[in-house]
Amino acid sequence: MHPRVSVHEVAFLDESITTFVEHCRAIGVQNMTLVTPLLMAPGGFEEAKRALSAGGPRVETVNHVFGAYPDLERDSGEAAEQLQRAIEMAGALGARRIYLITGGRGSLTWEQAAERLAALLAPGRDAARAAGITLLVENAPAVNADLHFAHTLSDAITLAGIAGIGVCIELHACWVEAGLRALFRRAMPICGLVQVSDYVLGDRTSPCRAVPGDGVIPLERLLGEVLEAGYEGVFDLELLGPRIEAEGCRAATRRAAETLSEMLHRLGA
């Protein structure tokens, strides 16, 4: 397995953290993304520590939904408190990055939401830096507007600059955008994570992820452009939706990891 392949826990939300860690260990994946809803559930953090004590894959990244209490406009302080918990857990597990879903913006304009995010995030940003953890914001489709407001890669890069954090490139959400090669170069100085999955034409359900190679996204070309731009981090497989459920999380993530590994080897990553 290529050492830069990572698997996201979102495919295993109905399974235990232990099951996910053991699966990653069994298929030879060296990196994982864990999610805070499971880590913050009763006993979740302790379970993660026990599962990781046997060695094997490392927690490279933690995924956290930030301003969802209930949204950025109306948050009364819980977003900052929960982010501090996420930072403490990530640090204890050895994670180097936390990538964020912004939270919905309520009635705020995009620009107002960006400033609000930056203000609410400031204490956590400083705490993360002190802990050696990089905060990132991703680009996510507009269908997720209840939880996020950066829906293009360009917007995510702009938002990251306003908030003073890094960016996560979600290829599934930006592969149709114009000027991607230039956007990759623009993002690269602050890019801490690249996420990979495929899309099958005609799929309308959201989420609608597919195993790399099963759809139409020119992943090998895009991965090559990301590498050409100077990316040195891991490539995170974020798989969820009906196709993944039909195949089963274990089979789908194994096949995806093997396919991505082959692509990265061919590209000389």
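The values are calculated or read from the model by the stated rules, or taken from the named source; none is laboratory data. Every value quoted in this text rests on a predicted model; they were computed, and no experiment measured them. Glycine also receives a Cβ, built like all others from the backbone with ideal geometry; neighbour counts cover every protein chain displayed.
Worth a mention:
- Across region 224-247, the number of residues qualifying as free of Cβ contacts under 8 Å to residues at least 24 places away in the same chain and under 24 Å from Asn144 (Cα atoms) comes to 2.
- Whichever residue in region 44-63 is closer than 15 Å to Thr134 by Cβ and of a type in the set (S, T, N, Q) and, among such residues, is surrounded by the most Cβ atoms within 10 Å (Cβ to Cβ): Thr61
- Only a single criterion out of (1) farther than 17 Å from Glu262 by Cα; (2) β-branched (Val, Ile, Thr); (3) outside any loop (DSSP other than H, G, I, E, B) is not satisfied by Val226, namely (1).
- Summed over region 195-223, the residues that are in a loop (DSSP other than H, G, I, E, B), touching a residue at least 40 places away in the same chain (Cβ under 8 Å) and crowded, with 20+ Cβ neighbours inside 10 Å give a count of 4.
- Total residues in region 229-256, condition touching a Pro at 6+ places or on another chain (Cβ under 9 Å), buried (at least 19 other Cβ atoms within 10 Å of the Cβ) and either basic (Lys, Arg) or part of a helix (DSSP H, G or I) (or both): 2
- Flag for Thr102 being within 20 Å of Thr36 (Cβ to Cβ) and touching a strand residue (DSSP E or B) at 6+ places or on another chain (Cβ under 6 Å): no
- Verdict on Arg25 being assigned to a helix (DSSP H, G or I), more than 22 Å from Ser261 (Cβ to Cβ) and among the basic types (Lys, Arg): no
- Residue within region 234-248 that is in contact with a Phe, Trp or Tyr (Cβ under 8 Å, 6 or more places away or on another chain), among the hydrophobic types (A, V, I, L, M, F, W, C) and modelled with pLDDT of 95 or more present: no
- Every condition in (1) outside any helix (DSSP H, G or I); (2) out of contact with any Lys or Arg (no Cβ under 6 Å at 6 or more places or on another chain); (3) at pLDDT 95 or above holds for Leu72 except the one numbered (2).
Here is a yes/no grid of residues against (1) under 18 Å from the mean Cα position of the chain (by Cα); (2) surrounded by 18 or more Cβ atoms within 10 Å (Cβ to Cβ); (3) outside any helix (DSSP H, G or I); (4) at pLDDT 95 or above:
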position	(1), (2), (3), (4)
Ala92	no, no, no, yes
Ile98	yes, yes, yes, yes
Ala113	no, yes, no, yes
Pro123	no, no, no, yes
Ala150	yes, yes, yes, yes
Ala182	no, no, no, yes
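- Residue in region 17-27 that is more than 22 Å from Ala86 (Cβ to Cβ), basic (Lys, Arg), in contact (Cβ under 8 Å) with a residue 12 or more places away in the chain and surrounded by fewer than 22 Cβ atoms within 10 Å (Cβ to Cβ) present: yes
- Contact map, region 1-12: first residue part of a loop (DSSP other than H, G, I, E, B), second residue surrounded by fewer than 20 Cβ atoms within 10 Å (Cβ to Cβ) and among the β-branched types (Val, Ile, Thr), Cβ cut-off under 9 Å, separation 6 or more or different chains; pairs are Met1/Ile27.
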